[in-house]
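Report on the structure given below.
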Amino acid sequence: MNVSRPAYVSGTDIVSLANMKEFLRVDHSDEDTTITALLDAASAFVSDYTNRHFATDGTAIFYLPSFRASALAYGPVKTISSITYKDGNGDTQTLDTSLYYLGKVRDNTCIIYFHDVPTLELYNAMPIAITATVGTLPTPNVKHAVRMLVAHWYENRRSVVMGNPTEVPMGVQSLLNVERIIDHRL
């Protein structure tokens, strides 16, 4: 499955510039551009790591190769707008809502199940497109992980400092692991 994700949320939508500067103990505006860029990068990192969109109105398109139960492991998925597919003639059809239903796993992964669906042409790459509304507001864990990442990157502006590679702090992953949406293979 492939996913066309919505654009990343601006970092300042998760943690304000004023809040970030307070966390960094920066009391001047000389580096506002740098801090804002770091907030954007941290927001993108957190979104990718957790498979979440941190706004309530994003649109994602999930592409499936066939009508089989699949985990929609991004979002979280709130609603399905439409499911379209290419028929044997190459024409786009919309799947009736009575032919599928959604289930949820405890980590907010949405699983879609199909029944009595049309047979698709063999060798038709990713013929099914599921358009969904996705997103959630950032939790305190997410906000703090963004602050920690920005602080780490602000203090370590290069990937190697005096011969020691710098990595993402372990605390960030600990905060985000409970937020992750996992791709449960069926």
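For a footprinting-style exposure proxy, rank T50, T133 by other Cβ within 10 Å, fewest first.
Working: T50 23, T133 17.
In increasing order of surrounding Cβ atoms, one gets T133, T50.
Quick one: helix 32-50 against the long Cα principal axis of the chain, what's the angle to the nearest 10°, folded into 0 to 90?
Long axis of 32-50 versus the principal axis of the chain: about 40 degrees.
Could I have the simple spin-label model distance between R68 and T36, label points 7 Å from Cα toward Cβ, reported in nm to one decimal?
In this crude spin-label approximation the distance works out to 4.8 nm.
Would any residue of segment 54-93 have its amide N under 17 Å from a label point 7 Å out along Cα→Cβ of K104? List them or say none.
54-58, 71-81
Given only helices, namely DSSP H runs of n ≥ 4 each adding -39500 (n - 2.57), what is the per-residue ellipticity at 222 nm of the chain, to the nearest 500 deg cm²/dmol?
One gets -9000 deg cm²/dmol as the mean residue ellipticity at 222 nm.
Any idea what the relative contact order of the chain is, in percent, if you count C-alpha pairs under 8 Å spaced at least 6 apart? Mind showing how you got there, number by number?
Values: 324 pairs, mean separation 55.6, N = 186.
Once divided by the residue count of the chain, the mean separation gives 30 percent.
Skipping prolines and chain starts, which residues have an amide H placed within reach, meaning under 5 Å, of the one on G75, given they are 5 or more residues away or on another chain?
R52, H53
Please give the helix 140-155 orientation as an angle from the longest Cα principal axis of the chain, in degrees from 0 to 90, rounded to the nearest 10.
50 degrees
Each reported figure results from applying straightforward, stated rules to the coordinates on display, with no laboratory input. Please read all numbers here as calculations on a predicted model, not as lab measurements. Cβ atoms come from the backbone with ideal geometry, glycine included; neighbour counts cover every protein chain shown.
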